[in-house]
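Report on one structure; see the data block that follows.
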Amino acid sequence: MSSPSMEEKHGGKGVVDNGYVPEGGDEEVGIVNKSDPLKQDLQGRHMQMIAIGGAIGAGLFVGSGGALSTGGPASLVICYLIVGVMLLFTCQALAELAVLYPVNGAFYTYVVRFLDPSWGFAMGWDYALSWLTILPFELTAASITIQFWRTDINVGVWITVFLVVLSVIQIFGVRGYGEVEFILSIIKILACAGFIILGIVINCGGVGDQGYIGAKYWHNPGAFNNGFNGFAGVFVVAAFAFGGTELVGLAAAESANPRKAIPMATKQVFWRIFFFYIVNLFILGLILPYTDDRLLGATGANTKASPFVLAIQDAGIHVLPSIFNAVITIAVISVANSCTFGSTRTMQALAERGMAPRFLAYVDKKGRPLWCILIQIAFGFLAFIGEAQGHSTTVFNWLLSLSGLSYFFVWGSICLAHIRFRYAWKAQGYTLDQIPYKPSLGVWGSWIGFFLNIICLMATFYNALYPSPNATPDPTVFFQSFLAAPVVLALYLGWKIYTRDWRLYVRVHEMDLKTGARTVIPSDDDEAPYVKTWSNLPYRAVRALF
């Protein structure tokens, strides 16, 4: 089957929209509640900062303490590295789809179009519910950070303050989200870079009375804790810490130039994973033993037990613990801001397809999905329930269990959607030259990402049954760790029953590859294709990361 002629399809029209060719109409198959368009106000600098530091928050600065206590420093680095590699390939797959299809709903829409509408319904609502429930978690975490300085003020006061601040940001729409993330991400990046330098100084004995530490804590008490059980238990915490990186793809529909901004932002994901997570956590494991009793309280909502602050305090440094605690407060507020963006855009896209109440599809003249924003803010009031009952740890452990595991389902679905898309793209007669952006490993990267997602789910399932070497299965412990799985299954089967569509997947020749696509026209004037050889492999590797 020959490749469709772009110019024949468009009546001889040339390339438009920064080199894109609109492939088909904008009215996507399945849209039943068409709304006003979202504003395309996100610039390249916003996208890059969202990719690098947008979701660095309690998962890294606080949750890593519990992960260190559970699995030890080696498990901490290895598990975060596995999830990081998996997410790197996932984001590259998402970038290819987002550049070609900068449509509303991003990966939810891709799952519906290239996998199965029922699975797309499950992924969309699971993702939206994750962000809805993370918001009260982050608000409480941000409020508890204030107790580092003031314990005489009720946490509920600060929850109210942060909720008001978050509501004010929404007034400015997506541009407000972008500007806030740009500024706060810079602060978080500087803090991470500063801790790496400080950690090296502490480890070498340059400050404090601990002397030279080196790899002492990797030998005593050891590199691993709780054997394989502890190792497997780190995966959900790592997923929660990395969650939000996929927001770059979700922001494609509101980017001024997705063809340029998304590939650049995707390349920054590597540096975020390696520099701000792996290197930071490796140094943290060198200067703080996993046997420290203070780490037992390092849950996501208990920011007073941040291992980063504890390591600085142990070095006898004054003032700096307060500064870093302020950074944690900023980081948590930043993630709360991302919560609102992630949930509202997903719910609005669900409503457009008739998979959510119709009123949620409404977008005002300034490009804000107002009803979705109101629902997200309303979920923020759940923070008062945990605070009022005095059981915030129990409440937010359940919220964390729902959100952490959800990312594995979402990321695995993105990889599988990209695999199916590539298969259909070839089957329907298109060529790779028509795709504006292609990841370095192509579909093989998606297979690697999909496989690693399955491994992480299996490890998490095992840990849910046996959280420690001598543990026996406990229903409460199991569902606290694996709650997202039955929720996803219920959503999937529920939509199957409602629609009576019993197909397991969308067939290749039935996939809609035209609507919303922005392809490129291969021209005779184009440069000769770049030949991949072993000699230019180092150059290609550098170009893929910068």
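The values are calculated or read from the model by the stated rules, or taken from the named source; none is laboratory data. No experiment lies behind these values; they were computed from the predicted model shown. Note that we place each Cβ from the backbone using ideal geometry, even for glycine, and neighbour counts take in every protein chain shown. Heavy atoms of the whole protein, side chains included, go into the accessibility calculation; ligands, DNA and RNA do not. Shrake-Rupley method; radii C 1.70, N 1.55, O 1.52, S 1.80 Å.
Please state which one of Phe121, Phe148 is within 25 Å of Ala517 (Cβ to Cβ) and of a type in the set (Phe, Trp, Tyr).
Numbers: Phe148 fails: within 25 Å of Ala517 (Cβ to Cβ).
After ruling out the rest, the residue left standing is Phe121.
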Can you tell me which residue within region 285-298, out of those that are in contact with a Leu (Cβ under 7 Å, 6 or more places away or on another chain) and in a helix (DSSP H, G or I), is surrounded by the fewest Cβ atoms within 10 Å (Cβ to Cβ)?
Arg294
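Could you tell me whether Ala142 is among the small types (Gly, Ala, Ser) and touching a Gly at 6+ places or on another chain (Cβ under 6 Å)?
Values: among the small types (Gly, Ala, Ser): yes; touching a Gly at 6+ places or on another chain (Cβ under 6 Å): no.
Answer is no for this residue.
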Assess whether Trp425 counts as being over 21 Å from the mean Cα position of the chain (by Cα) and either surrounded by 19 or more Cβ atoms within 10 Å (Cβ to Cβ) or not hydrophobic (A, V, I, L, M, F, W, C) (or both).
yes
Those residues of region 420-435 which are in a helix (DSSP H, G or I) and either in contact (Cβ under 8 Å) with a residue 40 or more places away in the chain or closer than 16 Å to Arg518 by Cα (or both) amount to Arg420, Phe421, Arg422, Tyr423, Ala424, Trp425, Ala427, Leu432, Asp433, Gln434
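If I ask for residues that are out of contact with any Phe, Trp or Tyr (no Cβ under 9 Å at 6 or more places or on another chain) and either free of Cβ contacts under 8 Å to residues at least 12 places away in the same chain or buried (at least 18 other Cβ atoms within 10 Å of the Cβ) (or both), which ones from region 168-177 would you list?
Filtering region 168-177 for residues out of contact with any Phe, Trp or Tyr (no Cβ under 9 Å at 6 or more places or on another chain) gives 168, 171-173, 175-176.
Hits for region 168-177 are Val168, Ile171, Phe172, Gly173, Gly176.
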In this structure, does Ser468 turn out to be in a loop (DSSP other than H, G, I, E, B) and touching a Gly at 6+ places or on another chain (Cβ under 8 Å)?
yes
When you look at Phe341, is it open to solvent by 10 Å² or more (accessible area, probe 1.4 Å) and in contact (Cβ under 8 Å) with a residue 24 or more places away in the chain, yes or no?
no
Selection count, region 484-519, where residues are of a type in the set (D, E, K, R) and within 18 Å of Leu432 (Cα to Cα):
3
Flagged pairs (Cβ under 6 angstrom, 6 or more apart or on separate chains; first in region 461-482, farther than 18 Å from Gly66 by Cβ; second outside any loop (DSSP other than H, G, I, E, B) and basic (Lys, Arg)) are none
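Out of the residues in region 237-283 that are among the basic types (Lys, Arg) and over 20 Å from Ile186 (Cβ atoms), which is least open to solvent (accessible area, probe 1.4 Å)?
Here is the first cut: in region 237-283, the ones among the basic types (Lys, Arg) are 259-260, 267, 272.
Narrowing further to those that are over 20 Å from Ile186 (Cβ atoms): 259-260.
Values: Arg259: 77, Lys260: 129 Å².
So, considering only residues that are among the basic types (Lys, Arg) and over 20 Å from Ile186 (Cβ atoms), the one least open to solvent (accessible area, probe 1.4 Å) is Arg259.
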Looking at (1) open to solvent by less than 20 Å² (accessible area, probe 1.4 Å); (2) within 29 Å of Lys39 (Cβ to Cβ), can you tell me which one Pro357 breaks?
(1)
